[in-house]
1. Give a residue-ordered list of calculated ³J(HN,Hα) values for region 170-180 (Karplus: 6.51 cos²θ - 1.76 cosθ + 1.60, θ = phi - 60°; whole Hz; x for Gly, Pro).
2. When only C-alpha pairs under 8 Å and at least 6 residues apart count, what is the relative contact order of region 4-89, in percent?
3. In whole Hz, what ³J(HN,Hα) sequence does region 106-115 give by Karplus (6.51, -1.76, 1.60; θ = phi - 60°), x for Gly and Pro?
4. Helix-only mean residue ellipticity at 222 nm, the chain, DSSP H runs n ≥ 4 weighted -39,500 (n - 2.57), per residue, nearest 500. What is it?
5. Excluding ligands, DNA and RNA, what is the solvent-accessible area per residue of the chain at a probe of 1.4 Å, expressed in Å²?
6. In whole Hz and in residue order, list the ³J(HN,Hα) couplings for region 86-95 that follow from phi through the Karplus curve 6.51 cos²θ - 1.76 cosθ + 1.60, θ = phi - 60°; x for Gly and Pro.
7. For the chain, give the magnitude of the charge dipole about the Cα centre (Cβ charges: +1 Lys/Arg, -1 Asp/Glu; no others), in debye to the nearest 20.
8. I'd like the distance separating the alpha-carbon centroids of region 41-60 and region 61-105, in whole Å.
Amino acid sequence: MTDPLIRWREHAASAVLLDGFHALKHALRFGAEVPVAVTTDRRAALDLAGELAEDVREIMGGLLTEVPERTYAALVPRPHPTGVAALAVRPSREAHLRTLARMPRTSPVVVLDNPRNLGNAGAVIRLAAGFGATGVVTTGTLDPWHPTVVRGGAGLHFATAVERLDVGELPPGPLFALDPEGEDIRGTELPDDAVLAFGSERSGLSASLRARADHLLRLPMRPQVSSYNLATSVAMTLYHWSATGGAPAALGRRP
């Protein structure tokens, strides 16, 4: 069997870092190709899988190699409490673009317009996966596959189409942009093929995206409260979609 550290070095430059047990769990559930996975305590990791992810425990058992803590710490930027890390092959960009462009859609696409906070972007991807959104698109310079974003998304990048595009390349569909000057979202039924756009945490929607919007919507908010967290705004909007005619993908609950 090839040394796991050799395999790690072979794949590290192009692979996606799965940082922690839950990232590996979700990636495996949604079909990620994982060439190498390590842990500081194999028994503990498999016990956790038996408790929280019996559906992928056998796969994890075939993947996980125990390594010393110092070796594990050298492989990741910030050691995870579960002592688990893995590398996954990044999904095909071409396949994602086809998914995003396909019409009609059964669920919206979420657009983060020039986001700045890596953790917020990860939280949004986790939300989008939970609601069964078609995908998450970012504009601007933030890499939605950055290790911190993947960590924040708990590996659920593999459950939806995640890509970075220019505003002029956004997927088809009616574009609903969240903006304080928009109409109250409670009076709007969001279609399944909607493109839902959210501005950056600091400056809101860019002029180019705002100009492309078919509809401007605002979330209900108490006067004198400045704004909601980005992930909260996305959660409220996706919930509104699901509650007003959308078809939630989740048919059951997993940990």
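The values are calculated or read from the model by the stated rules, or taken from the named source; none is laboratory data. This one's a predicted model, so the numbers in the text were calculated from it and none came from an experiment. Here the Cβ is made from the backbone with ideal geometry for all residues, glycine too, and neighbour counts use every protein chain on show. Just the protein is used for accessible areas: all its heavy atoms, side chains included, with ligands, DNA and RNA removed. Shrake-Rupley method; radii C 1.70, N 1.55, O 1.52, S 1.80 Å.
1. 4, x, x, x, x, 9, 9, 10, 7, 8, x
2. Values: 125 pairs, mean separation 42.7, N = 86.
Relative CO of region 4-89 lands at 50 percent.
3. 9, 7, x, 9, 9, 10, 9, 8, 6, x
4. Numbers: 10 runs with 94 residues, N = 255.
So the calculated ellipticity at 222 nm is -10500 deg cm²/dmol.
5. Details: 12510 Å² over 255 residues.
Roughly 49 Å² per residue, with all protein chains present.
6. Karplus-based 3J(HN,Hα) across region 86-95 equals 8, 10, 10, 6, 5, x, 4, 4, 4, 5 Hz.
7. Numbers: 26 positive and 27 negative charges, 52 e Å.
The calculation lands at about 240 debye.
8. Each part's Cα centre sits 16 Å from the other's.
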